[in-house]
Amino acid sequence: MPLWHSLLDLLFPLRCASCREQIAPYPAGGENDFPYWAAGGEIENTFCWPCASGISWIEGCLRCGTPVENPAPGCFWCEKKQFAFDDCCVLGSYNEAVRGAVHRFKYRRGEHLAKPLGRLLAARLSSMPWIGSVNLVVPVPLCRKRHSQRGYNQAALLASAVGRALDLPVRECLQRIKETQSQTGLSRGMRAENMRDAFRCQNELALDSHVLILDDVLTSGATAHEASRALKKGGAGRVSVAVIAR
Ligand SMILES: [Zn+2]
Ligand SMILES: [Zn+2]
């Protein structure tokens, strides 16, 4: 390792995205506890060993990301839902370790976490069977009020990091055309109603393009569904979704 690398480590030690503790080297062979796609250190650059060990990585339904035993396109949850998106890629369950990172990223000026989280998500995305045909990455936009309160859109930062890691173009072509209330605390039906017709695709997309939507968390799927519907109206042929947690 060059000397200046060790100096940088000394001055700016990597800190865990979830608990902020300094990331110490993982125990020997520790990587074997993680999914195969994470080999190569992306987890070690993002989470400390105790937090990483607490993550419940999702092998999910290829359509909606729900954890299932044998991942296939469609499951008990999305069978009747007719989502407008075609695929979903999720890093992990929204449990303590992941929630810590997502909260820090969204609510506590955690812009710097876009890069490690984005690279980790990109590693996960590289293992998806459909990733090769994606030709555009699009973040879910925040409503104007929340954007000005927070000062940044976490989904846009994530999209840039993923786009850079996968060498894919990123375009903010979705526009919020409806002021929605926070989805937190709403029932599934209310979430769907709240998000209905919330987006517009402001650019014409190349016919049959394959768009990858980026967001931080997927809960009821209402936001991803509406965003996908708008993109398909704008010309997208296939829409995949990637989130950190669900
Ligand atoms: Zn930690
Ligand atoms: Zn499903």
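The values are calculated or read from the model by the stated rules, or taken from the named source; none is laboratory data. This is a predicted model, so every value here is computed, not measured. We place every Cβ from the backbone using ideal geometry, glycine too, and count neighbours over all the protein chains shown.
Quick check on my filter: what residues within the range 71-94 are more than 12 Å from ligand 2 (Cβ to nearest atom) and outside any strand (DSSP E or B)?
ALA84, SER93, TYR94
Mind listing just one residue for me: the one in the range 35-60 that is buried (at least 18 other Cβ atoms within 10 Å of the Cβ) and aromatic (Phe, Trp, Tyr) and, of those, nearest to ligand 1 (Cβ to nearest atom)?
The qualifying residue nearest to ligand 1 (Cβ to nearest atom) is PHE47.
Being within 22 Å of ALA114 (Cβ to Cβ) and either charged (D, E, K, R) or surrounded by fewer than 21 Cβ atoms within 10 Å (Cβ to Cβ) (or both) narrows it down to one residue among GLU172, GLU226; which is it?
When all the criteria are applied, what remains is GLU172.
Is there a residue in the range 208-217 that is at pLDDT below 90 and in contact with a strand residue (DSSP E or B) (Cβ under 7 Å, 6 or more places away or on another chain)?
yes
Considering the range 33-62 alone, what residues qualify as being in a loop (DSSP other than H, G, I, E, B) and among the small types (Gly, Ala, Ser)?
ALA39, GLY40, GLY41, SER56
Conditions: (1) in contact with a His (Cβ under 6 Å, 6 or more places away or on another chain); (2) aliphatic (A, V, I, L, M); (3) surrounded by 20 or more Cβ atoms within 10 Å (Cβ to Cβ). ALA84 meets all but one. Number of the miss?
(3)
From the list ARG104, ARG99, ARG63, exactly one residue is crowded, with 19+ Cβ neighbours inside 10 Å, within 16 Å of ligand 1 (Cβ to nearest atom) and within 17 Å of the chain's Cα centre (by Cα). Which is it?
When all the criteria are applied, what remains is ARG104.
Only one of ARG196, ARG164, ARG188 is within 29 Å of ALA123 (Cα to Cα) and surrounded by fewer than 18 Cβ atoms within 10 Å (Cβ to Cβ); which?
None of the other options fit; the residue is ARG164.
Would you mind finding the one in ALA17, ALA97 that is part of a helix (DSSP H, G or I), at pLDDT 90 or above and away from ligand 2 (no atom under 15 Å from the Cβ)?
Unique residue meeting the criteria: ALA97.
GLU69 - would you say it is charged (D, E, K, R), surrounded by fewer than 16 Cβ atoms within 10 Å (Cβ to Cβ) and within 12 Å of ligand 1 (Cβ to nearest atom)?
no
Checking GLU111 against (1) touching a strand residue (DSSP E or B) at 6+ places or on another chain (Cβ under 7 Å); (2) surrounded by fewer than 18 Cβ atoms within 10 Å (Cβ to Cβ); (3) not hydroxyl-bearing (Ser, Thr, Tyr), which single condition isn't satisfied?
The failed condition is (1).
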